[in-house]
Amino acid sequence: MKIAFIGGGNMGEAMLSAILDCGLAAPWEISVSDPSEDRRNYIGEKYDVLATNDNRVAAQGGEVVVLAVKPQQVSEVIADLGGQLKPSQLVLSIMAGIPITILRNGLKHNRIVRVMPNTPAQIGEGISVWTATPEVTKRQKGWTSSILGSIGKEIYVDDEKYLDMATALHGSGPAYFFLFVEALTEAGEQIGLPHQLAQELVLQTMLGSGHLIEKSGKSPAELRQMVTSKGGTTAAALLEFERGEFTRLVVRAVQAAYNRAKELGGEPK
């Protein structure tokens with residue numbers, strides 16, 4: 001499989017590395033474009049792939065063209081690649097908030113997959129939600145599934161509207177998790193724990209709790225109730241969360257992320 005990466009950012013590099021590790025493509029079958037000379041040198045030397053500053057040169061040989069630039073750069077990509085792609089090429093976009101319509105009209109191209117991955121993809125533990133235009137072939141859907149499977153789990157949805165929703169939940173979600181780890185660690189320090197000990201306790205608790213949800217067959221609500229004894233320490237803590245309207249705050253935060261994702265795609269809130 002010949003793959004072209006337009007943009008060499010962190011997520012693009014995570015995909016590139018995983019594709020090579022899984023043997024989905026050889027280095028000579030991959031090209032990467034990036035405007036930064038330092039970044040091109042780094043990518044070219046580390047992965048032994050073609051690195052160029054020309055989007056057209058990078059894209060011309062790819063059976064799959066991965067758009068891995070920031071959403072604010074979509075106009076630059078469209079200016080370079082609009083009308084330049086072969087009808088048989090698959091465009092795989094990981095740009096948050098950019099709808100298929102903009103890509104279809106701007107690139108004058110029909111075979112498009114839109115993906116929302118998340119940052120744990122950098123260690124092969126991500127989850128990606130994706131959809132495809134009707135023109136994308138069964139074989140190309142298989143390529144997409146293999147590429148996304150190399151960086152974690154992947155879920156196909158048949159309606160693009162779920163992409164912005166997923167962006168607000170799992171795309172931005174790692175930042176919510178990191179923030180909660182920071183807050184719990186700080187709380188541990190406030191009651192007298194050393195920073196390193198507090199952080200280790202918090203992180204392993206988070207990891208273990210996530211695996212418990214996954215493997216126990218019980219819902220998060222059931223597990224929460226099992227941990228919460230009437231009048232106990234957990235009940236006292238959860239009461240404070242309720243007083244602070246924790247759930248409502250989380251809902252507002254996710255709604256704000258969803259609104260922003262729609263704005264990036266040119267939709268009103």
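The values are calculated or read from the model by the stated rules, or taken from the named source; none is laboratory data. Bear in mind that the values here come from a model prediction, so they are computed numbers and not experimental data. Note that we place each Cβ from the backbone using ideal geometry, even for glycine, and neighbour counts take in every protein chain shown. The area values use the complete protein model at the heavy-atom level, side chains included, leaving out ligands, DNA and RNA. Shrake-Rupley method; radii C 1.70, N 1.55, O 1.52, S 1.80 Å.
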**OP:** Identify all residues within the range 193-207 that are touching a Gly at 6+ places or on another chain (Cβ under 9 Å) and among the polar types (S, T, N, Q); write none if there are none.
**Re:** Gln199
Original post:
Has the range 116-125 got any residue that is assigned to a strand (DSSP E or B) and either in contact with a helix residue (DSSP H, G or I) (Cβ under 6 Å, 6 or more places away or on another chain) or closer than 30 Å to Gln199 by Cβ (or both)?
Top reply: yes
**OP:** Taking Asn110 as the residue in question, decide whether it is open to solvent by 20 Å² or more (accessible area, probe 1.4 Å), touching an Asp or Glu at 6+ places or on another chain (Cβ under 6 Å) and modelled with pLDDT of 95 or more.
**Re:** yes
**OP:** Consider Asp80 carefully, then state whether it is under 20 Å from the mean Cα position of the chain (by Cα), farther than 23 Å from Ala168 by Cβ and not hydrophobic (A, V, I, L, M, F, W, C).
**Re:** no
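Has the range 5-25 got at least one residue that is more than 28 Å from Ala256 (Cβ to Cβ) and over 22 Å from the mean Cα position of the chain (by Cα)?
No, the range 5-25 has no match at all.
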Subject >> Residue count for the range 84-143, restricted to those that are polar (S, T, N, Q) and within 20 Å of Ala58 (Cα to Cα) >> reply: 6
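Residue by residue through the range 134-164, note down the ones that are crowded, with 19+ Cβ neighbours inside 10 Å and of a type in the set (Ser, Thr, Tyr).
Thr144, Ser150 - these are the residues of the range 134-164 that are crowded, with 19+ Cβ neighbours inside 10 Å and of a type in the set (Ser, Thr, Tyr).
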**OP:** For the range 166-202, name all the residues that are more than 24 Å from the chain's Cα centre (by Cα) and outside any helix (DSSP H, G or I).
**Re:** Ile191, Gly192, Leu193, Pro194
Subject >> Residues (among the small types (Gly, Ala, Ser), more than 25 Å from Ile100 (Cα to Cα) and touching a residue at least 24 places away in the same chain (Cβ under 8 Å)) located in the range 37-67 >> reply: Ala51
Original post:
Among (1) polar (S, T, N, Q); (2) modelled with pLDDT under 95; (3) open to solvent by 20 Å² or more (accessible area, probe 1.4 Å), which single condition is Thr167 missing?
Top reply: (3)
